[in-house]
Structures are given as C-alpha cells and as structure tokens.
Amino acid sequence: MLKVENLTKVYPNGTVALREVGFEVQDGEFLAVIGLSGSGKSTLMRCINRLIEPTSGRIIWDDTDLTALSPAEMRKMRRQIGMVFQQFNLVKRTSVMTNVLSGRLGYVSPYQSLFNYFSPADHARALRNLERLGLRDKAYVRADSLSGGQQQRVGIARALMQEPKLILADEPVASLDPVLSHSILKYLEQMNKEDGITVLCSLHFLDLVHRYSTRAIGLKEGRIVFQGLPQEIDDAQFKTIFGQEAERVTIL
Amino acid sequence: MSPSSSHPPNALLASVFSLLVPGAGQLYLRKRARGLAVLAGVLVLAYLINWADTNFKIEATVNWLWFVFVLFWLWNVFDAYRLARGQTTLNRLGLLLAIVIVYVIGWQVTDINPDRLVTRFKDVQVVFRALVYPDLFTQAGGSWQPSENFGDIIGKIVDRPAPDLLVQLGLAQKGATVPTPVLGKMAETIAIGLMATVLAIIFAIPLSFFAAHNIMSHVPGGTFIYYAMRTFLNIVRSVDTIIWGLIIVVWVGLGSFAGTLALTIHSIAALGKLYSEEVEHIDPGPIEAITATGANLLQIIRYAVIPQIVPPFLAYTLLRWDINMRMATVVGFVAGGGIGFFVVETIRKGGYEQYAAALWAVAIVIILVDYVSAKWRERILAGEVKVSAEAPKPFYTSLRALFWLALGLAVFILCWQLAEIDLRKLFEPAPTFVKVVRDFVAIDVSPDVLDTVLKQMLITIFQALLATTLGGLVAVPFSFLAARNLMGGNALSLVLYYLARGVLNVLRSIEALLYVAIFVFWVGIGPFAGMLALAITTFALIGKLFSEAIENIDPGPLEAIAATGANALQMIVYAILPQIIPPFISYLIYQWDINIRIATIVGFAGGGGVGLLLNTYFGMLQYHKAGTVVAMIVVVVAAMDLASAKIRERMV
Ligand SMILES: Nc1ncnc2c1ncn2[C@@H]1O[C@H](COP(=O)(O)OP(=O)(O)OP(=O)(O)O)[C@@H](O)[C@H]1O
Ligand SMILES: [Mg+2]
C-alpha cells in the first residue's frame, strides 16, 4: 500500500509545485492522476521514487517511510517501483535489448554490468517481456529506429524487468496518437490485472480515465481537488479540476 | 522620410555636414550605423593610403589612390543628400570605390609581380618536371627500384645487428646482421598526427566536463570553473599549432616530440571545446529513467551518459585526426620532425625531385586519411541499424576484437617510438626556458617594434585577402566542372567531372606551407610567393565547397522559371545565381578568415608576412618582440573570427 502524507514540494526558484498533498493507494489499484499542465502531476510522480526530493511530508510504501531512507536504501527500494515516461526516455543509440536489460541494473552486480554483462536468466527474462509486448523481433535493432508506440512498449518492458510492485506512469500516452494510446494503456491494464501491479498513471483525457482507472485524483495548482471514482467526475467536478473555461473533449 | 514629420530633413544641411565630416550627414539623419561605417571607412582608407605611401615605394599610384579617395568622400556627400531626399542610396558605388583602394594597396604591398610568373617560368619548369617525375624510383639494371629518397620518405630495409631477443630465441647468431625495416619521414608524420590525437583525447575528455555548463551548475563554485575553463580553452585554441611549436621547441628541443606536443596542445583545446558542447547536449531523459531503475552512479554513467556521448565524441575525434594529420605535415617547419622538416632540408639543398616526392607522399596519405575519416564519421553519425534477431556475441570473447586490440596496441607502441615521445623531457626543460617564457610574456610595446609588427600584420591580412580573391575567382568556373548534377550528361562531361574532382582533392591535401617552396623558386622570397601558395589551397577548398553548393541547388525554382518560357541565360540569372551567390560569399568570407591564420605562418617557408618576422625574432632570441608578434596575431585572428562570424550570421 502506498500512502502519501502532507507532501509539499517547493522548487529552488520558489515555485510551489505540491501543497500538502495526501492520498492512499491500495495494492492492485489503477489510480489516474488528472490535472492541467503545470498542476504538479510530474512532480508528484517523481517525488514518490525520489527522483525529486520532496520538501516536506511523508511517503509510506508497505510500512517503509521512503522519505527517511538513505540514498543507498532508496536505490534498493526503487527496484520495486517501475517508471514509464512521456518521452519514453530510451537510450536512443543502443539496442532495444540493452535498454530493456538496463531495467535490471538495480539487481545485478555493479561491476559485471559495467561490461554490459547480464546473466542468461536476465536475457531470457528480457526476451520474455519483449515477447509479451509484441516486440520479440525488434530485440536487436537500435531503439531510435522504432516508432513512438513501439518505443513506449520498450519503456514498459524495461519497467517490467524490475519486477515492480508499483508502476509510475507519467503521461505515458501524451506523445502518442489516440489509437496507440489505447494500445499502451491496455498493456498497463494487463500488468495491473494479471500481475497485480499497482499503477499510478497521469492522464490528460477523461475518456481514458473512465475506461482504464479504478480510481482518480485531481490536482490543481499543487492541491488535491478531487478524490473518488472516475464515474463521479461530473461537469461540476470537471470544472473545478480544469477551470471554468474548459470543455470536455472525447477521443475516439 | 515621411512628409508628416515635424522637421523635414534638410538635404543641403546633411550634404554640408557630410562634406565637412564624412558620415556626419548620415548621423544627422539618424542613420547611426551607416554614419559610423562611412566615417570608419574614410579613416581606414586614409590611414592605409598614408601607410602604404610611407612604407612602400608607390609614388606611381599614390596620387591615383588619393583621387579615388576624394571620390569616396564625394560619394559620402551624395549619399547623405539622397538619404535626406528619401531616394534610394547607391551602396554599391561606395563599396566599389573602397574596394578599388584596398585592392590597389594590397597589390602593391604584397609585392605582386605577374610578369615574374612569365619571365621565370622557364626556371620553374625544373620543379614541374620534378613533380611529374618525383624521386621515388630509379631504374637500375632494367628494373625499377625504390630510390634512396623513397627510403627516406616511406621506409627501407637495412641490415642491422641482430637484437638480443632474436639471439636468445636462437633465430639469429650473435653478431650477425638481420634485415630490419626502418620507417621514413612519412611514417613519422603519421605517428605524430596519431599520437597527438590520442594524447589530446586523454586530456580533452576530463577537461570537457569542467567546461560543460549543465554539469558545472550542479557543483558548488562550478560556474566560476566553467567560465575559467572556457576562457582557457579559447585562448589556447586561438594560437596556431605552428606558433605552439616555436614555444615548445624552447621547452623540449627540436624533434618529433616537440611537433607532437604542439599538435597535442592545440588539439586538447579544440577537442575540449567540441566535447563540452556535446556534453551540454546530453538528453536528461535516459539519465532519469536509469536512475529510476535503482542503478548506482557508475551504472548511470555507463548506461545513460556514455552511449549518448561516445558517437559524437568519436566523430569529432576523427575530424580532428584528419586535421592533425595535415598539421603534422607542416609542424616540422618549426618544431622539427616529420615530412615538414624533411622538406625544409631538401629545399635548402635544392633537391626539388626529393621535394616533389614528398609532396606526392603527403597527397596520397592525406587523401587516404580524409577518405577513411569521412567514411567512418558517416557511419557513426548514421548509426548502422542491426536487424539480426540473434543476440550478438559478447565483445570480449570474439577473436576479431582481440586481434584489433593487439594491432591497436602494436601501432600505439610503434607510433610512440616514431614520435620520439619522451615524457621525462617535459620535466627537465632547457635551463633557459623560464627566462624565455618570462621574456615572451613581457611583450615589447616600443613604438618602432609595434610599427614593424603592424606593418607585417597588414601585409599578412592583404595576402589573405588577395589569395582569397584569386583562389575564389579561379574556383568559380572550375566548380561548375566539379558539380555532379551539371556534369552527368555524357561520357566526356563525366570524365571532366572526375578530373576536376581529382585536381581539387590532390591540391587540397597539401598544406599551403608546403606549396610555398614552389613559388619561392618561381617568383622569389616574399609575400607574393606566400600569397600564391595560399591561393592554391583556397582554390582547392573553395572549389570543393562551391561545387557542393551547386550540387545542392533546389530544382524547384529552375522548373518554375523554365515554365515561364525563359531561356538558358534567364534561367541562370533568375534561378541559379540567387541560389548560389549567398553561399559563395559566405564561404569566401569564411575562407578569408582561415587564410589569415595560415598567412601568419607562410613566412616560415619564405612566404613573407608576419611569420617571417616571428621566425626572425625567434632565430635572434628576441623573445620580447616575438611575444609582441604572437599577441598581435592572437588579437587579429580573434577579431577576424568574430567579424567573419557576425557577417556570415547576417547573411543567412
Ligand atoms: N525543475 C523545476 N524548477 C522549477 N520549477 C519547476 C521545475 N519543474 C517543474 N516546475 C514547476 O512546477 C509546477 C508543476 O510542474 P509539473 O511538471 O509537475 O506539472 P505537470 O502537471 O506534470 O505539467 P505537464 O502536464 O505540463 O507535464 C509548474 O509550475 C512548473 O513550472
Ligand atoms: Mg508533466
């Protein structure tokens, strides 16, 4: 279970990106995070695995306070928390295989990994994960020769290599067209349902929230302004989250 | 000028202002940049004419120059008048007048004597014959054999006493001789270029991180280190390799090692700058992603940073290797070692056949290096995509990798020896070194020294200007022959195309400093010879760039103009020229900038200009004055760099 308490983040330039944010996520949930651009979604995701150091507040993950861990302990903990990015963040000039294997770095011997050595078991695991995402035949091509949707699937395969209990997906489909968006979210849904991985996913479109998430939170200017079931987001709720001028749009 | 403005500009007043003080009328009309440019133009032209009059015997033309100068002054009045009346100004006329003055002075002070090209042509035929029959092979007993000169340049096999190792292995008897390969000056040159590149990489990589803004902004006090490192790299880079050579020779003595060091120092600065810019362009995304997997710092560097920087680093290094190989062919002029030193010696002895052979050897090696470096870079930047569905075998187990590793190591050791690298020498500099450096830094600023240096510096700038013009003029028609898209028509034009390309490539592979000897023999020592040598390299380089610009012409406008029913001439004027003139001018300005750098060193081979002065001062151990020359070169080169970059920026 993930519990976020009074989380506040103030950037060095004085921007307050999160204000006293608190919520809980039960194991196995698919939690959507919605909010306007600049509302603090990315900051929240990155505070959870401490890619960004929170200013104050606590993050409790399975009874461990992540904010109290030393850097080395935090690195160990990150193995359980996979992350998927809007820009995919693959190492473009290396092969798909190396990108996927790099998801294993937290587990392997640091010295062997410096020589690009991964055990046969890890290779097999990587191929299995690629197979699952329909990319088995792309294992040895360069990452940047893939299309956007394929690159994001590689990103998911990399996260799966961590055998995570939690996946943080920061606008995983914002750079993709609608058809691909559904395909990527279906994969995340599959991981959520079949493997029981908890998913935190920030999304822009309400349709997608309705279709895939089990629960949602709405952020506005760093504050939580909505918490509940996706179906509960009515027009009034929608306007509190996205502002009075916002119009609902549907995709596909 | 809008009629509604409360003070309609008075055209007469503006003209009178400009008549009294050039540019004043334009300033009065609120054209600040124009007014200042006109004023600066008048001052510079007057200074130049006066300078040429007092320093050179130009009685015959000086009055004509003043006459044109007066015309320029009158043009400025006229310009103010038309400006005030809101009429179109005649920029080109003013520019033309100024250009006439500059070129006439340039012609005089660089001692141009076209008649000598004709009258002494008979003498120089010796050199041309040598170029056709270089001293590489001799005919002995009906068969061709490598000549002695071939051995000096490329290498030979001589009998040497057997080394102990062979004796111990029982492969040779004690005291017996075995045939041993001895490599020549060209191999030494290759070794110098290679070692300088390798050494430069080792130092440039760590330095580049200190000169990268994105890294240093995370380190306390980093911003200061960043600016200090950037400034340091820029200063070191602005001093030419040849001049570094002069300084290094004082430190470690004449020889290949000095040449290698000079090249290394300049390369460290050049590579350091390029590398750091590449580090600044690292994409932070992958770093974030790898961090999120729980990787530690070393793993992050290995998996997110190195894959991003290795390809561009390699590409820059290959480019630098190419440059270093070229510089290695001339660094011997001052530092000793390599084919440059060989050329100096053969010319002193009048061995033009040996000199010609050296030129051919240089051409072949440099063309090869150029080709390999370009192909390799292309492959790196394109990034070959592997499509096999099988896992590649790990690198270190493959035999081929081992073979390359061993070969690389062997080449490294061989080059280390050929370049006479002796790190101990670095720590035991000549006893006078400290004094020399102190003298060198305390530059001599007495008026007559400054006067002399300035005079030679101006000659150098004019040399570069005339060489760029001459080379550019010849290159224009030639570049059409070397453009693939124009010459693909029939077999004859294809032959012409390959011929033109070949000529450009061969000429381009040899540095200006190596050409000077031919022209010294032809027209005599002095700025004219240096100018001609520069014109040759300019022609080769500009010809290549021009032909590429022609190849890149967009066919769209051609089609559009043709569709209007235009004839061939109209198509050239309206569709081709507008597309090629801007890049041509941009290349020419860039080339002038490069030529000024090279013109500062052609003096070392008898090509006149500021290099001659530097060589003399160093020869006479007058380091204060040598320091003045170097300081002047650094300032002028930096100013020209800036000006040329600004002008080219405005053009695109
Ligand atoms: N490194 C930073 N330094 C200073 N301010 C930052 C930094 N990163 C983000 N911010 C600011 O913090 C606020 C929240 O940003 P965040 O990226 O978390 O929003 P977001 O909801 O993910 O927006 P988007 O949909 O555009 O990705 C914004 O006002 C942003 O400008
Ligand atoms: Mg974001």
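Converting phi to 3J(HN,Hα) with the Karplus coefficients 6.51, -1.76 and 1.60 and the offset θ = phi - 60°, segment B:66-76 yields 5, 4, 5, 4, 4, 4, 4, 4, 5, 4, 4 Hz in sequence order, with x at every glycine or proline.
Segment B:437-651: percent of C-alpha pairs farther apart than 25 Å?
Roughly 49 percent, once rounded to a whole number.
For chain B, the relative contact order works out to 13 percent when only alpha carbon pairs closer than 8 Å and six or more residues apart are counted.
Once each of the GluC sites (Glu not before Pro) sitting in a DSSP loop with at most 14 other beta-carbon atoms within 10 Å is removed, chain B keeps B:1-383 as its longest stretch.
If you roll a 1.4 angstrom probe over the protein chains with everything in place, what fraction of the accessible area of the protein assembly as shown belongs to carbon and sulfur, to the nearest %? Please list the in-between numbers first.
On the way: 28250 of 43960 Å².
Carbon with sulfur: 64 percent of the solvent-accessible area.
Taken per residue, the accessible surface of segment B:552-593 reaches 61 Å², heavy atoms only and a 1.4 Å probe. Adding -39500 (n - 2.57) for every DSSP H run of four residues or longer, then dividing by how many residues chain A holds, sets the calculated 222 nm ellipticity at -10000 deg cm²/dmol. At full extension, B:GLU559 and B:LEU450 could sit 33.4 nm farther apart than now, given 0.36 nm per residue minus the alpha carbon distance.
Computed on chain A, the Cα convex hull volume stands at 133 Å³ per residue. Give the B-A buried accessible area in Å², both sides summed, 1.4 Å probe, nearest 100. Chains B and A together bury roughly 2700 Å² of accessible area. Label separation (B:VAL219 vs B:ALA568): 6.3 nm, computed from points 7 Å beyond Cα along the C-beta direction. Amide H to amide H distances under 5 Å link A:ARG215 with A:PHE30, A:ALA32, where only residues 5 or more positions off or on other chains count and H is placed in the peptide plane.
Suppose R0 equals 45 Å. What FRET efficiency, 1/(1 + (r/R0)^6) with r the Cβ-Cβ distance, do A:ALA236 and A:ASP62 give to the nearest 0.05? Calculated transfer efficiency: 0.80. Computed over chain A with a Gaussian network model linking Cα atoms closer than 10 Å, the most mobile of A:GLU73, A:GLU20, A:GLU163 is A:GLU73. Note that segment B:138-153 has calculated 3J(HN,Hα) couplings of 10, 9, 10, x, x, 10, 7, 10, x, 7, 4, 4, 4, x, 5, 7 Hz, one per residue in order, obtained from phi through the Karplus relation 6.51 cos²θ - 1.76 cosθ + 1.60 (θ = phi - 60°); glycine and proline are x. Scanning chain B for trypsin sites (Lys or Arg not before Pro) that sit in a DSSP loop and have at most 15 other Cβ atoms within 10 Å, the longest stretch containing none of them is B:387-652. Karplus-based coupling profile of segment A:10-19, in residue order and whole Hz: 10, 6, x, 7, x, 5, 8, 8, 9, 10, with θ = phi - 60° in 6.51 cos²θ - 1.76 cosθ + 1.60 and x standing for Gly or Pro.
For the segment A:83-93, counting C-beta atoms of other chains within 10 Å of every residue's C-beta and taking the mean gives 6. Convex hull volume of the Cα atoms of the protein assembly as shown, normalised per residue: 280 Å³. Helical content of chain B, expressed as a calculated mean residue ellipticity at 222 nm, amounts to -24000 deg cm²/dmol (DSSP H runs of 4 or more residues, -39,500 (n - 2.57) each, divided by residue number, nearest 500). Taking N as the residue count of chain B, its C-alpha radius of gyration divided by 2.2 N^0.38 Å amounts to 1.12.
In the full protein context, segment B:11-109 carries 57 Å² of accessible surface per residue, based on a 1.4 Å probe and ignoring ligands, DNA and RNA.
The values are calculated or read from the model by the stated rules, or taken from the named source; none is laboratory data. Everything quoted here is computed from the prediction, not taken from an experiment. No Cβ is skipped: glycine too gets one built from the backbone with ideal geometry, and neighbour counts run over all protein chains shown. Only protein heavy atoms, including side chains, enter the accessible area calculation; ligands, DNA and RNA are left aside. Shrake-Rupley method; radii C 1.70, N 1.55, O 1.52, S 1.80 Å.
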